[in-house]
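All remarks here apply to the structure that follows.
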Amino acid sequence: MIVTIDPTTGDVIERIPPMDAVQIDARLGAAARAARAWATEPFENRAALLRDVARRLRDESESLAVTAVHEMGKPIVQARAEVEKCAWACDYFSEHGADMLAPQNAPSNAARSYVAFRPLGVLLAIMPWNFPYWQVFRAAAPALMAGNTLLLKHAANTTRCALEIERVFRDAAAPEGVFGVLLARGEEIDKLVADPRIAAVTLTGSERAGVAVASAAGEALKKCVLELGGSDPFVVFSDADLDAAATAAVKARFQNNGESCIAAKRFIVEAPVYDQFLKRFVERAAAQVVGNPMEERVQIGPCARADLRETVHEQASESVAQGARCALGGKPRGGRGFFYEPTIVADVVAGMRMFDEEVFGPAAAVVRAHDRDDALALANRSSFGLGSSVWTSDVAAAENFGARIEAGAVFINGMVASDPRLPFGGVKKSGYGRELSAFGIHEFVNIQTVWIGGL
């Protein structure tokens, strides 16, 4: 039985039976049959479905947001924004997808040669709980526009969110099998990946999950895109606007309860302004309102699960025991639910858990850098390489610095965020492949060369 729990109270929300082998096989069969027909649908018909889904997402924004709050604890204001972002992605790919997928001339010794983009078939999307709608739609919108069908294996604790997405597609009159949910157990993923009806796989999740899925996909010789963890550096140069940087730092670290792969996690500050930045950061973080995420004023809700809260607490406590200093918070909140105080740990150095590991919760590590070269070395001293941000009044210097950062994205004087118009993904143990933009829509197509000889 799939059991979902409200992290605000610790109470069970509902119990949902998983699908048996016959039901899963039926979903796979429907998706495969739909893929053959959907691949032949004109772009305008695919775009029309995405536009209708976007309209329904906006019409039902409140109820969808409430479901996310109950299942994983994000503040209601942020949940509404997530639903709107999903609608934006649908609109964006409905408007631009046809142009992204238009054949491209490729002159050669042929009378005519070009590159065409053909759908692959059924895409298996294995998605996490932290952005239960957005993670799905940033994969689904481009994949469906490209003519693929999609089967979603969502995280167990956001099962109702998955079923709500499926219902939205059904209400938008999506052809049977174009979008479906698999209520499958984690141990069944290898079998799903190996199934010949699955053409490719996309996963957003942990490093461990990425290794498992990449291994299964490799065994089956199937394309996969992996968006995994991150320990993003937020680098503050001594000439930065410290007020702007500190304000952005709070949002970058604590948004979505700190449970975001692209959240800033290691705040690397040049020594001359270290104390000034830390003071501003602590003041602003302490002002964050923690509480029931259904209340409009609340900015930080509970961790999504009890074990996640415990891990964050261990990371912070052990770093302090190793010589770091707790500048704010550092402990769970009493009472019901899985709440953790907004936490800032200062004087973190490499070798401490908060530096070396991904911290998935409302806790920040502040690191002192001797100079910019030291800041670069610290930024790159991570097994992850998802996003990064640099704060300075010298944009040219930041661009030069960013060119040497080992990350899939560099944001200068801004917070790292995903955007349908820009490619999203990482390097090193943050995964490979890209989502969103033209780069993302081309990940799950057959890039077909067409060569035509003379008559």
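FYI, it's all coordinate maths here, none of it is from the lab. Computed from a predicted structure; not experimentally measured. Quick reminder, even Gly has a Cβ in these numbers, built from the backbone with ideal geometry, and neighbours come from all protein chains shown.
What to note about this one:
- Set of lysines with alpha-carbon distance to Lys331 below 22 Å, sequence-local pairs under 8 removed: Lys74, Lys251, Lys265, Lys279
- Relative contact order (percent, whole number), region 13-132, Cα cutoff 8 Å, 6+ residue spacing: 27
- Comparing Cα centroids, region 387-401 and region 7-65 end up 41 angstrom apart.
- Note on Lys223: lysines with a C-alpha under 24 Å away, same-chain residues under 8 apart excluded, are Lys153, Lys191, Lys428, Lys429.
- Seen from all directions on average, region 170-250 presents a Cα convex hull projection of 9.5 nm².
- Remark: relative contact order (region 232-419) = 28 percent; criterion is Cα-Cα distance under 8 angstrom and separation of 6 or more residues.
- Pairs of alpha carbons in region 232-419 separated by more than 26 Å make up 24% of all such pairs.
- Among Trp88, Trp391, Trp451, sorting on how many other beta-carbon atoms sit within 10 Å of each Cβ, with the fewest leading, yields Trp451, Trp88, Trp391.
- Mean separation of Cα contacts under 8 Å, 6 or more apart, over the residue count of the chain: relative contact order %: 19
- Size descriptor, Kirkwood hydrodynamic radius, that averages inverse alpha-carbon separations across region 3-48, Å: 14.0
- Summarising the strand pairing of the chain, around 40 percent of its internal DSSP beta bridges are antiparallel.
- Look at where the Cα atoms of region 67-121 and of region 176-240 average out, and the two centres are 18 Å apart.
- For region 232-419, DSSP calls about 15 percent of its internal beta bridges antiparallel.
- The C-alpha atoms of the chain define a longest principal axis, and helix 134-145 lies at about 20 degrees to it.
- Each residue of region 91-97 is assigned a 3J(HN,Hα), and the resulting list reads 4, 4, 6, 5, 7, 10, x Hz, derived from the Karplus form 6.51 cos²θ - 1.76 cosθ + 1.60 (θ = phi - 60°), x at Gly and Pro.
- Rg/Rg_ref, the chain, where Rg_ref = 2.2 N^0.38 Å and atoms are Cα: 1.00
- With at most 15 neighbouring Cβ atoms within 10 Å, loop GluC sites (Glu not before Pro) (DSSP) excluded, longest segment of the chain: 1-175
- For region 1-105, the calculated P(r), taken from all Cα-Cα distances in 5 Å bins from zero up to the bin holding the longest distance, is 2, 11, 13, 13, 14, 18, 15, 9, 4, 1, 0, 0 percent.
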